Every structure is written in structure tokens, then in C-alpha cells.
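Remarks on the structure that follows.
The values are calculated or read from the model by the stated rules, or taken from the named source; none is laboratory data. Predicted, not measured: the structure shown is a model, and the values here were computed from it. All Cβ positions, even for glycine, are placed from backbone atoms using ideal geometry, and neighbour counts span all protein chains on display. Just the protein is used for accessible areas: all its heavy atoms, side chains included, with ligands, DNA and RNA removed. Shrake-Rupley method; radii C 1.70, N 1.55, O 1.52, S 1.80 Å.
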Amino acid sequence: NVTLVDVASAPIVEVTEDGVRTVDGEYELDMIITALGFDAFTGAQLALPMSGRCGVRLADSWADGPLDYLGMAIHDFPNYFQIGVGPSAASQHNNAPLSERQIDFAAAAIQTVLDRGAATVEPSAEADAQWKVLCDGLIPFTLLHLAKSTWFLGHNIDGKPPAAYA
């Protein structure tokens, strides 16, 4: 007794006492289950209208998949720290209190920059690449590599480059 309703083509007009009314009709129901789909781990960052050195957009920088260092900083994006949202951040895949460690790291990095009289901080391209190799190398020790289709690896987004962490 399940009815799949595509609300993209028949938008919901209202939720009633007995169900849901769309532009195409009313559906009596006991429960609503939504299947929204979302771009986990990179979607929010890629939606930001920001650019790094030489005007490079993050979407262009990550066209072949995300590259960052410690899930926190990105080469060519000086002074940008992704606290708790970087695609390869431990805090993305574990308990949120790990974000506190990221905050401590970012604060220490900023203080070091200030102490040295510098203006920017960012990882090298090599550091980004090495971190990706490490993260990719850990996947075989998890169950993720067995998944044939999962939002966790970005399979729900058409055209998203394959990555150990999406």
C-alpha cells in the first residue's frame, strides 16, 4: 500500500488532516516518507559563490573530485577553513565533538600566521593530494567499498566524480 508521488512534477499544495494534496489530486495517508536526495559532503561548499587564488571557483577546483587537507583547508583557497564540513574531515564521519579539534587547529594556524607577520595560510597542493591518498587507502578497511550505490559516496548525484569520500 505504497504510492510514490513525484512532487517535482506535481507539487504539494498542502498537507491536510488526512493526507497530502498535490496539484494533481489528494492522497490519503498514514505516513509521509520523503526521499529528497542531497549532495552530501561537497554540495554545500560547491554552492557557495566563492573563489580562491586567481579567481578559481571551488566547483572548478573540485571538478574531478574533492581535494583538501585534513578535511579543513584547500590549496589555492587561502584563509579558508571548513570546520565540520570538509569532505574528508573526520568530523563528517564520526561524532561532531571532533569539530572542536578542527577549531583548535584553525585557531592555532591563524595565530601562527599572525605571529610570523604573514597574511595567509593554506596547504600545498602536495598536502591535499597526500591526504586524499591516505583517505582513499582507508576505504578498503571499511564497508563503504562494498556499496554499489550510496549517497555517502555521491552515487545519488548524476555526474559527480567518484571519490572515496564524496
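Observations
- Helical runs assigned H by DSSP (4 residues or longer) give the chain a calculated mean residue ellipticity at 222 nm of -7500 deg cm²/dmol, each run adding -39500 (n - 2.57) before division by the residue total.
- Cβ-based net charge around residue 75, under 15 Å, with every Lys or Arg adding one and every Asp or Glu removing one: -4
- With K and R counted +1 and D and E -1, the other residues having a Cβ less than 12 Å from that of residue 45 yield a net charge of -1.
- List 72, 31, 50, ordered by accessible area with a 1.4 Å probe, largest first: 31, 50, 72
- Linear extension gain, residue 63 paired with residue 5, 0.36 nm per residue minus alpha-carbon span: 17.6 nm
- When the chain is treated as a Gaussian network with alpha carbon springs shorter than 10 Å, the biggest mean-square fluctuation among 74, 103, 32 belongs to 32.
- Extension gain from residue 100 to residue 151, taking 0.36 nm per residue of separation minus the Cα-Cα distance: 15.8 nm
- In Å², nearest 10: area of residue 122 left accessible to a 1.4 Å probe: 50 Å²
- FRET efficiency estimate (nearest 0.05) - Cβ-Cβ, residue 118 to residue 38, R0 41 angstrom: 0.65
- Residues in segment 126-131 carry Karplus couplings, in order, of 5, 5, 4, 5, 5, 5 Hz; the curve used is 6.51 cos²θ - 1.76 cosθ + 1.60 with θ = phi - 60°, and Gly or Pro positions show x.
- Portion, in percent, of the accessible area of the chain that falls on carbon or sulfur, probe 1.4 Å: 58 percent
- Near residue 14, once Lys and Arg are set to +1 and Asp and Glu to -1 for all other residues with Cβ below 15 Å from its Cβ, the sum equals -4.
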